[in-house]
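Q: Mind looking over this structure? Questions follow.
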Amino acid sequence: MTSLFRCPVCGGSLTREDRAYRCENGHSYDIAKEGYTYLLPPNQKHSAAPGDDKGMAAARRDFLSKGYYTPLLNTLCTEILTRSGDSPVLLDTGCGEGYYTAGIFRALAEAGKAPRMAGTDISKFILRYAAKRKKAVEFAVASSYHLPVADNSVDILLNCFSPLALEEFRRVLRSGGVFLYVVPAADHLWELKQVLYENPYPNEEKETPYEGFAYEAIVPVDARIRLESQADIHALFQMTPYYWKTPKAGTERLAALDTLDCRISFRVHIFRKL
């Protein structure tokens, strides 16, 4: 099968075989037993194991699998369905454990479309979960700043809370292609932040035009969730940036809770490549 990925060494097209990806110049990349491959050259790694570690990867899988962020997934499916043709090519950059990737692929297939889809993330630990979610989607360890994808080959590119590699996004998207950029809104997880910090502040919200793209819409997603176990509360905490910068007192206050009612609030910025 011809892959959506390109060889990170020579840029040649890759063919997916049973156990490896191979390019026409003889470069080969093994497919892990979970189903993902590794397309991150050593000179693009900034640590021995970049990205989410095992604990963070497990927390994301556990939390998202319980459907707490279903409102965001449903919105993404709706917006992508209305903007995709019969056989769209999609790329999810910084795809994490594949919750949105697999959900979008499933929605497109159920709508009678024939999607081709790939997801990339810099963490091999988190892609172990992603590759198990949907075997029909290709997953690879790769940097968003050096995507192993051909120029002008992608119809729809999704980026949820991940690095904004605009130069690469412009390169891989075809003319007229759609870019969906998901960011937290002002009061996202406000009640969680009230527990963690003495004086929490809202997230900044802004409309930022990007060269080479035209704004189509900013779609709000607002809901409330109720976490009914300390395990779920901790999983949410562990998948946020607050996990690394919360004072000990705030962490202890959160650890004492068994339930938490919390706002979730996102903004989906939708652009079209000029």
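Q: Return the pair list, or none, for Cβ contacts closer than 6 Å from residues in region 168-193 that are without any contact (Cβ under 8 Å) to a residue 24 or more places away in the chain to residues that are outside any strand (DSSP E or B), at least 6 apart or on different chains.
A: No pair meets every condition.
Q: Quick one: in region 149-163, which of the residues that are polar (S, T, N, Q), outside any strand (DSSP E or B) and touching a residue at least 40 places away in the same chain (Cβ under 8 Å) is nearest to F213 (Cα to Cα)?
A: It comes out as S153.
Q: Can you tell me which of D232, D222, D261 is exposed (fewer than 12 other Cβ atoms within 10 Å of the Cβ), under 25 Å from E97 (Cα atoms), modelled with pLDDT of 95 or more and not β-branched (V, I, T)? Outline the logic, then answer.
A: Values: D232 fails: exposed (fewer than 12 other Cβ atoms within 10 Å of the Cβ); D222 fails: exposed (fewer than 12 other Cβ atoms within 10 Å of the Cβ).
Being exposed (fewer than 12 other Cβ atoms within 10 Å of the Cβ), under 25 Å from E97 (Cα atoms), modelled with pLDDT of 95 or more and not β-branched (V, I, T) holds for just one of D232, D222, D261, which is D261.
Q: Would you list the helices (runs of 4 or more DSSP H) that sit entirely within region 36-145 and hold 2 or more residues that are in contact with a Gly (Cβ under 6 Å, 6 or more places away or on another chain)?
A: 124-133
The values are calculated or read from the model by the stated rules, or taken from the named source; none is laboratory data. A quick note: this is a predicted structure, and the numbers were derived from the prediction, not measured. Please note: Cβ atoms are built from the backbone with ideal geometry, for glycine as well, and neighbour counts cover all protein chains shown.
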